[in-house]
1. Quick one: Kirkwood hydrodynamic radius for segment 7-173, alpha-carbon pairs, angstrom, one decimal?
2. So what's Rg/Rh here for segment 70-151, counting alpha carbon atoms and using the Kirkwood radius for Rh?
3. Contour minus end-to-end for residue 26 and residue 6, with contour as 0.36 nm per residue of separation and end-to-end as the Cα-Cα distance?
4. Mind telling me which of 44, 109, 154 comes out most flexible in a GNM of the chain, alpha-carbon contacts under 10 Å?
5. What does DSSP give for the chain in terms of the percent of beta bridges that are antiparallel, rounded to the nearest 5?
6. In degrees from 0 to 90, rounded to the nearest 10, what is the angle of the helix 34-44 Cα long axis to the longest principal axis of the chain?
7. What FRET efficiency would be calculated for the residue pair residue 171, residue 99, taking the C-beta separation as r and a Förster radius of 45 Å, to the nearest 0.05?
8. Please report Rg over Rh for segment 16-95, where both radii come from the alpha carbon positions and Rh follows the Kirkwood definition.
């Protein structure tokens, strides 16, 4: 059985998009919507994907979506993608996936973030963070994960689109 046969991608799309003012998943950047870019990465990796818009417990930010995905998965590992990273490539994610450990998080300048990959066994730790009120993805990464440092040459792929200005810049970049 290949390493990807027990892997699924989960795209977290339950945020309120407060800085954008619009549902980010439906905004077009280039020929795809922001959600479509994340689905494309999963498709290019030949792994199934699903979108989580409603969490098992609401109001817990990304940790709520992580908890929901880990509760529902039947897979050995879950790749978490954000729906606001239109420049992310499957090649960079493939490098992250080469680290088959309990948790591996992308890291830039000491800060952990998307994409990241978790095994379901980490669910207990996620629940502990939620129940203690510690909703920081950074804190979860520091407590549980291996950090995958994004090479300088790949940092542009990690650009997020959270504001109308960032959306306009992303659109201009893909023209």
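1. Taking every pair of different Cα atoms in segment 7-173, averaging 1/r and inverting gives 15.9 Å.
2. 0.95
3. Stretched out fully, the residue 26 to residue 6 stretch lengthens by 4.3 nm.
4. 109
5. Here the antiparallel bridges make up roughly 45 percent for the chain.
6. Orientation of helix 34-44: about 60 degrees from the principal axis.
7. Plugging the Cβ-Cβ distance into 1/(1 + (r/R0)^6) gives 0.85.
8. That ratio is 0.97, to two decimals.
No lab work stands behind these numbers, since they all come straight from the coordinates. Not measured: the values here are computed from a predicted model. Every residue, glycine as well, gets a Cβ built from its backbone with ideal geometry; the counts of neighbours run over all protein chains shown.
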